[in-house]
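Visitor: The structure's right below; bear with me while I get my questions together.
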Amino acid sequence: MSHWRGLLPKLEVWQDWSYGGRWHHLFGRLTYRGLPVHGFSTTPTGDPLDPYGRVLYLDTLDSAYGPGWRRENGFVARNPDGTFCYGFVPHTTEKGERRPPGNGRRYRIAISGPGVTPDVVWVGDGLHDFDRANPQDVALEANMNQLQRSLVTGSTPCHA
């Protein structure tokens, strides 16, 4: 039970597609009191090396990994702007296992709040596959790419 009072961290998440619509993609930012939340150093595999870094844990529902919620990956918000991005592409785990794209029916991101603030969770429906012939998909992709460029203020942009 938490006795927290005050503002909570803000986890903003948007979805689109990457690599010309080939892969599902999500991106966003983590802030607290209007300031970006990020660490200052990570290991080569992305583990935070200081008390400021926060791992965002991404779960996928009813994906290629099977029914129910399954862990897709964990990653950190970027220094200096608190942004993050994740493409649902085939990848190899730290144990050397090949995994297919984990896009699913729904997604969930959970993160421990900065300092002693409560945990924050975002849940959203997954997108359908990109359709180049659909003007709504083309417009959404263009709008999301512009939004993502506007959020990144110092870190490396994601692949549009």
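Visitor: Residues that are of a type outside the set (Asp, Glu) and in contact with a helix residue (DSSP H, G or I) (Cβ under 6 Å, 6 or more places away or on another chain): does the range 76-99 have at least one?
Guide: Yes, the range 76-99 has at least one match.
Visitor: If a residue must be closer than 19 Å to Thr153 by Cβ, modelled with pLDDT of 90 or more and not hydrophobic (A, V, I, L, M, F, W, C), how many such residues does the range 34-75 contain?
Guide: Residues meeting the conditions: 2.
Visitor: Condition test on Val121, is it over 16 Å from Asp16 (Cβ atoms) and hydrophobic (A, V, I, L, M, F, W, C)?
Guide: Yes: the conditions hold for Val121.
Visitor: Do you know which residues across the range 89-106 are out of contact with any Asp or Glu (no Cβ under 7 Å at 6 or more places or on another chain) and farther than 15 Å from Arg22 by Cβ?
Guide: Answer for the range 89-106, where residues must be out of contact with any Asp or Glu (no Cβ under 7 Å at 6 or more places or on another chain) and farther than 15 Å from Arg22 by Cβ: Thr92, Thr93, Glu94, Lys95, Gly96, Glu97, Arg98, Arg99.
Visitor: Also, quick follow-up: In the range 33-47, how many are within 18 Å of the chain's Cα centre (by Cα) and farther than 19 Å from Leu151 by Cα?
Guide: Counting residues in the range 33-47 that are within 18 Å of the chain's Cα centre (by Cα) and farther than 19 Å from Leu151 by Cα gives 4.
Visitor: Give the residue that is modelled with the lowest pLDDT, with candidates limited to residues of the range 1-14 that are part of a strand (DSSP E or B) and buried (at least 18 other Cβ atoms within 10 Å of the Cβ).
Guide: Step by step, filter the range 1-14, then rank; the result is Leu11.
Visitor: When the range 94-125 is examined, which residues are found to be among the charged types (D, E, K, R) and either out of contact with any Leu (no Cβ under 9 Å at 6 or more places or on another chain) or outside any strand (DSSP E or B) (or both)?
Guide: Those that are among the charged types (D, E, K, R) and either out of contact with any Leu (no Cβ under 9 Å at 6 or more places or on another chain) or outside any strand (DSSP E or B) (or both): Glu94, Lys95, Glu97, Arg98, Arg99, Arg105, Asp119, Asp125.
Visitor: Still on this structure, I have one more. Go through the range 40-75 and give me each residue that's in contact (Cβ under 8 Å) with a residue 40 or more places away in the chain, buried (at least 19 other Cβ atoms within 10 Å of the Cβ) and in contact with an Asp or Glu (Cβ under 8 Å, 6 or more places away or on another chain).
Guide: Within the range 40-75, Leu58, Asp59, Thr60, Ser63 meet the criteria.
Visitor: Let me ask you something else. Cβ-Cβ below 6 Å, separation at least six or inter-chain, first residue in the range 4-31 and under 15 Å from Gly82 (Cβ atoms), second among the polar types (S, T, N, Q) and in a loop (DSSP other than H, G, I, E, B): which pairs?
Guide: Pairs that qualify, where the first residue is under 15 Å from Gly82 (Cβ atoms) and the partner is among the polar types (S, T, N, Q) and in a loop (DSSP other than H, G, I, E, B), are Pro9/Thr117.
Visitor: Filtering the range 128-158 down to residues that are under 19 Å from Arg29 (Cβ atoms) and assigned to a loop (DSSP other than H, G, I, E, B), which residue is modelled with the lowest pLDDT?
Guide: Filtering the range 128-158 for residues that are under 19 Å from Arg29 (Cβ atoms) and assigned to a loop (DSSP other than H, G, I, E, B), the one modelled with the lowest pLDDT comes out as Pro157.
Visitor: To continue, here is another question. Which one of Arg78, Arg106, Arg98 is among the basic types (Lys, Arg), surrounded by fewer than 16 Cβ atoms within 10 Å (Cβ to Cβ) and under 17 Å from Thr45 (Cα atoms)?
Guide: Only one candidate qualifies: Arg98.
Visitor: Another one. Here are the criteria: (1) part of a loop (DSSP other than H, G, I, E, B); (2) under 18 Å from the mean Cα position of the chain (by Cα). Tell me which single one Leu30 does not satisfy.
Guide: Only one criterion is unmet by Leu30, namely (1).
Visitor: Moving to a separate point now. Is there any pair linking a residue in the range 125-152 that is touching a residue at least 24 places away in the same chain (Cβ under 8 Å) and under 17 Å from Phe88 (Cα atoms) to one that is surrounded by fewer than 17 Cβ atoms within 10 Å (Cβ to Cβ) and charged (D, E, K, R), with Cβ under 8 Å and at least six apart or on different chains, and which?
Guide: Matching pairs, first to second residue: Gly126/Arg105; Gly126/Arg106; Phe130/Arg22.
The values are calculated or read from the model by the stated rules, or taken from the named source; none is laboratory data. All values reported here derive from a predicted model rather than from experimental measurement. Because the Cβ atoms are built from the backbone with ideal geometry, glycine has one as well, and the counts that use them run over all protein chains shown.
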